[in-house]
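For reference, the structure discussed in these notes is given below.
The values are calculated or read from the model by the stated rules, or taken from the named source; none is laboratory data. Here the structure is a predicted model, which is why all the values come from computation and not from measurement. No Cβ is skipped: glycine too gets one built from the backbone with ideal geometry, and neighbour counts run over all protein chains shown. In case anyone asks, the SASA skips ligands and DNA or RNA and just uses the protein heavy atoms, side chains included. Shrake-Rupley method; radii C 1.70, N 1.55, O 1.52, S 1.80 Å.
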Amino acid sequence: MSSHMLVQMPLLAVIGIVACRMLPVRLQDSILVKVGGSVPCVMVALFASSYWMLPRALDAALNDPLAELAKFLSLPLLVGFPLVLAWRRLTLIGRGFVWTNFISMLAVLGWLYIVAPVRVCNSYLVNDQESAGWYMVIISVLIFLWWLGTLMVGGGMGPDKHDSSGSGTTLA
Amino acid sequence: MASYTYTPTPDQGAKAGVLAYLVISAVVLLLMMLFGLLMRMEQAQFISIGGLWFYKLLTLHGAGMVGIVALAGAAVMWHFLGQYVQLTQGIFMANLVLFLTGVVMILGSVLVGDFHAGWTFLFPLPGTSMGLWSQGAAASFMGGLLVIGVGFVLLHLDIARAIIKRYGGLGRGLGWPQLFGPDDGNAPPPAVVASTMVTIVNLIGLVVGASILVMMLVNLYVPTFEIDALLAKGMIYFFGHVFINAVIYMAVIAVYEILPRYTQRPWKSNKVFLASWTASTIMVMFIFPHHLLMDYAFPKWFLIMGHIIGYLNTFPILIVTGYGAMMIVYRSGIRWDMCSRLLFVSLFGWAVGAMPAFIDGTITVNYVMHNTLWVPGHFHTYLILGMVAMVFGFMYYLGKPDENAKDSPIDVAAFWGFVIGTMGFTMSFLYGGKEGAARRYAEHLPNWVPYDRLGSIFAMLLIASVLVFIFRFLGRLGLARRDYQRASLARSMAT
Ligand code: HEM
C-alpha cells in the first residue's frame, strides 16, 4: 500500500511535471491561457489528487483495468501537468496555499489511516494501512519543515508580478 | 558597532481596511466585555441567568475575545508593516470576510444550536453533548474556527511573501545576519522583526490547529475513527497558546512605532533585541505544556520542558521591550497624552500580567493553583491592561486631532477608570484563585462571592471607561485616514 500510494502515484505525477517542463515556455504559456489561467489548473490538480486519496479508488485501480488506466492517465495529465503550468504564475500566497493544504491533507489522511477502525482497502491488510498512515504523517512533517526552511532562507517567492511568468523551476 | 540616530518618518493615516478592522474590533470587544460582565455577575449572584447561559456566554466570550484581539492585533501589524513592505489589500480584506463568516457560524452554533463546550473545544466534549447540543452545532463551531484559521493563513502567507520579497527571507526578517554576524545597523526595523516572528509561529500553529479540527469533525460524524485524547489536547493547546500569544506580539508593534515618535529617540533592532525575538520564536512553540502540568499521563520530560521554557520565555521580549521603552522615555520630557499613556501603561500591564503565569508555571504551585480563577486573573491582566491597552492607544493615536491637541478631562478620567477598573477586576480573579475558587464554575461557594461582587463592580468601571475610548475613536474616524504629525514632541525637542 505504501509503495502504491507513496511511490507509484507520486512518480506518476512527477511524469506529468517533467513532461510539462520539457515543453517550450511559449507553449506552456499559451496552454495556460487556453485553459483559463492558474486557478483552474490548481483546482483540477486538487480534485484529481483528492480522488486518488480515496481507499476505494486504490481498490478500483487494482481490480479494474479501466480504473488503472485512468490512474495512469489522470495523475500525470490532471495533477502534475496543470500544477507546473500554474506554478509559474503563482506567488508565495498561491504556492503556500497549495503546500499548506497538501501538507495538512496528507497529515490528516495519514492519521485517519492510522486510527481507522476497519480495513479500508480490500486489497491491503490492516498493518499495511497503518504503516502507510505513519509514512504519510512523517512525510508531511518533513515537507512542512523543508517548506518553512525555504521561507527562512528566502527561496520560494514565485514571480513578483501576477502578469509575469516565473521560471517555474523552484518548488517552494 | 552600529550607531543609532532617530530619523523622522512621515506619519501616515490608516487605510480604510485597517479602520474597518478596528471598528469591528471595538464593537465586538465591547459586546464580549458585556458578556463577561454578565458571567461575573452570575457568579456574584447579582443576576441569575442559569448554567446553560453561563456556559454559552463563556464559550462565546472565550472564542470571541481570542478572535477579536487577533483581528485588532492584525490591524496594528498591517498598518505599520505596510509602511516597510508591500502588502496585498485584497488578502487583508479576504481575511476580514472569512473572519466574519466564521463568526456567524460560531454565533449560530452557540445562540441557535446551544453549543457550550468552551472555546477550547477540548476533545471529546464537543462530540459528547449528552443531548444538550446537536452534532450540527458542534460542527458549525469547529467549522467556524477552521474558516477563521484559513483567513489568517492567507494573511500570514501574504506577510511572508512581502517580507521575503523586501528582505530576502524570513531569517533576514528576523535580522539573523546582524544577530549572528557584525551588526551593520541595517537590521530590519522592530515592526518587521515582530511580524516575521508572528508569521512563523502562527503558520505552524494554524496548520496544527486545522489538522486537529478536521480530525475532530471526522470523529464527530464517524466516532469509530478514534482520536487519542491526550494527543488532541496537546495539539489544541499548541495551536491555542501560540495563537493567543502571537496577539500581543502583533500589538506591541504599536509601542515600537509610536513611542519613538514622541521622544524622537530611535527604537532600533540591536543585537539584544534581535536575539530575544529569535529566542522567543522558538520558545513560544514549546511553552504550551505549562497548561498540561496536571496531566500526569504526559511524559515527564514534556512537562519539565513546559516548566523550564515557561520560565525562560517570560522574559526576553518583555524585558527588552520594557527596558527599551524606559530608554525611550527616561528624561525625555515626553508629553503624556492618551496615546502615550495607554502605550506606556500597556507595558506595565504586560509585565504585571506575566507574573502570575510565571508563578503558576512552577509545577508544585501548579498542582494547587491551576484551574482556579488565578489563571483568568493572569490572562485578563496581560490581555486587557497589556494587549487591549495597546490597541486603544493606537486608536487614540489615529484619532488625535493635531500634534498639540489636549485631552479632555473625560478621557483622562476614563484612562484612570480603565487602569483602576482592570486592576480591581483582575485582582478579584487572582484573589479568588488564591482562596481556591475554581475557574469555569457558574455557581460559586458563599465565601467566594464577595470577590465576585467586587470584581463585577470594577468590571463595570472598566467597561464604562472603554465606552469612552470607543466613542472617542468612532467620533474621530474621519481624522484617522489623514496623514499628519500626531505625536506631540517631547519638551526637550519642541523648542
Ligand atoms: C470587562 C472585561 C471582561 C470581563 C468582565 C471578563 C469576564 C470573564 C469571566 C467572568 C470569565 C470566566 C472566568 C471563569 O469563571 O472561568 C472570563 C473568561 C475568559 N476571558 Fe474574559 N472578561 C473580560 C475581558 C476579556 C478580554 C479583553 C479577553 C481577551 C482578550 C478575555 C478573554 C477571556 C478568556 C480567553 C476566558 C476563558 C474562557 C474559558 O475559560 O473557556 N476576557 N472572562
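Annotation note: Cβ proximity below 7 Å between a residue of the range A:108-122 that is more than 7 Å from chain B (Cβ to nearest Cβ) and a residue that is among the small types (Gly, Ala, Ser) and open to solvent by less than 30 Å² (accessible area, probe 1.4 Å) (sequence gap 6+ or interchain) occurs for A:Gly110/A:Gly133; A:Gly110/A:Ser140; A:Tyr113/A:Ala132; A:Tyr113/A:Gly133; A:Ile114/A:Gly133. Identify, please: which residue in the range B:173-197 is among the aliphatic types (A, V, I, L, M) and part of a helix (DSSP H, G or I) and is, among those, surrounded by the most Cβ atoms within 10 Å (Cβ to Cβ)? Taking the candidates together, the pick is B:Ala194. Quick check on my filter: what residues within the range B:138-172 are β-branched (Val, Ile, Thr), at the interface with chain A (Cβ under 10 Å from one of its Cβ atoms), open to solvent by 10 Å² or more (accessible area, probe 1.4 Å) and free of Cβ contacts under 8 Å to residues at least 60 places away in the same chain? Within the range B:138-172, B:Val153 is the sole residue that qualifies. Here A:Phe97 meets each of (1) more than 9 Å from every other protein chain (Cβ to nearest Cβ); (2) open to solvent by 20 Å² or more (accessible area, probe 1.4 Å); (3) closer than 18 Å to B:Val207 by Cα with one exception, condition (1).
Scanning the range B:221-237 for residues that are more than 9 Å from chain A (Cβ to nearest Cβ), in contact (Cβ under 8 Å) with a residue 40 or more places away in the chain, away from the ligand (no atom under 16 Å from the Cβ) and surrounded by 19 or more Cβ atoms within 10 Å (Cβ to Cβ) returns a single hit, B:Gly234. A search for C-beta distances below 6 Å between a residue of the range B:14-38 that is near the ligand (Cβ under 8 Å from one of its atoms) and small (Gly, Ala, Ser) and any residue that is open to solvent by less than 40 Å² (accessible area, probe 1.4 Å) and modelled with pLDDT of 95 or more, counting only pairs 6+ apart in sequence or on different chains, returns B:Gly36/B:His61. Put simply, of A:Ala19, A:Ala61, A:Ala45, A:Ala70 the only residue that is over 14 Å from the mean Cα position of the chain (by Cα) and open to solvent by less than 20 Å² (accessible area, probe 1.4 Å) is A:Ala61.
So that you can scan it fast, the table gives a plain yes or no per residue for (1) away from the ligand (no atom under 16 Å from the Cβ); (2) surrounded by 21 or more Cβ atoms within 10 Å (Cβ to Cβ); (3) in contact (Cβ under 8 Å) with a residue 40 or more places away in the chain:
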residue: B:Gly455; (1), (2), (3): no, yes, yes
residue: B:Ile463; (1), (2), (3): no, no, yes
residue: B:Leu467; (1), (2), (3): no, no, yes
residue: B:Ala487; (1), (2), (3): yes, yes, yes
residue: B:Ala490; (1), (2), (3): yes, no, yes
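Quick check on B:Ile106: is it within 17 Å of B:Gly149 (Cα to Cα), within 14 Å of chain A (Cβ to nearest Cβ), open to solvent by 10 Å² or more (accessible area, probe 1.4 Å) and more than 9 Å from the ligand (Cβ to nearest atom)? Taking the combined requirement at face value, the residue does not satisfy it.
Close contacts from the range B:357-375, counting a first residue that is away from the ligand (no atom under 13 Å from the Cβ) and a second that is among the charged types (D, E, K, R), with Cβ to Cβ under 6 Å and a gap of 6+ residues or different chains, come to B:Asn366/B:Asp360; B:Met369/B:Asp360. You will find that of B:Ile164, B:Ile159, B:Ile200, B:Ile148, the residue that is part of a helix (DSSP H, G or I), in contact with a helix residue (DSSP H, G or I) (Cβ under 7 Å, 6 or more places away or on another chain) and over 22 Å from B:Ile248 (Cβ atoms) is B:Ile164 and no other. When B:Pro8 is tested against the conditions (1) touching a helix residue (DSSP H, G or I) at 6+ places or on another chain (Cβ under 9 Å); (2) modelled with pLDDT of 95 or more, the lone failure is (2). Within the range B:399-407, one or more residues are closer than 15 Å to B:Met338 by Cα, away from the ligand (no atom under 16 Å from the Cβ) and either in a helix (DSSP H, G or I) or within 14 Å of chain A (Cβ to nearest Cβ) (or both). When B:Gln83 is tested against (1) open to solvent by 50 Å² or more (accessible area, probe 1.4 Å); (2) within 16 Å of the ligand (Cβ to nearest atom); (3) closer than 26 Å to B:Leu155 by Cα, exactly one condition is not met: (2). Identify, by number, the condition in (1) over 23 Å from B:Ser25 (Cα atoms); (2) within 13 Å of the ligand (Cβ to nearest atom); (3) modelled with pLDDT under 95 that B:Gly118 doesn't meet. For B:Gly118, the failing item is (1).
Just one of the listed residues (B:Thr263, B:Thr321, B:Thr314) is over 22 Å from the mean Cα position of the chain (by Cα), modelled with pLDDT under 90 and among the hydroxyl-bearing types (Ser, Thr, Tyr), and it is B:Thr263. A:Leu78 meets the stated requirement of being within 13 Å of the chain's Cα centre (by Cα), at pLDDT below 95, more than 10 Å from chain B (Cβ to nearest Cβ) and in a helix (DSSP H, G or I). Within the range B:120-132, restricting attention to residues that are away from every other protein chain (no Cβ under 14 Å) and surrounded by 21 or more Cβ atoms within 10 Å (Cβ to Cβ), the residue that is nearest to B:Gln89 (Cα to Cα) is B:Phe121. None of B:Met423, B:Met390 is within 12 Å of the ligand (Cβ to nearest atom), out of contact with any Pro (no Cβ under 9 Å at 6 or more places or on another chain) and within 28 Å of B:Leu312 (Cα to Cα) except B:Met390.
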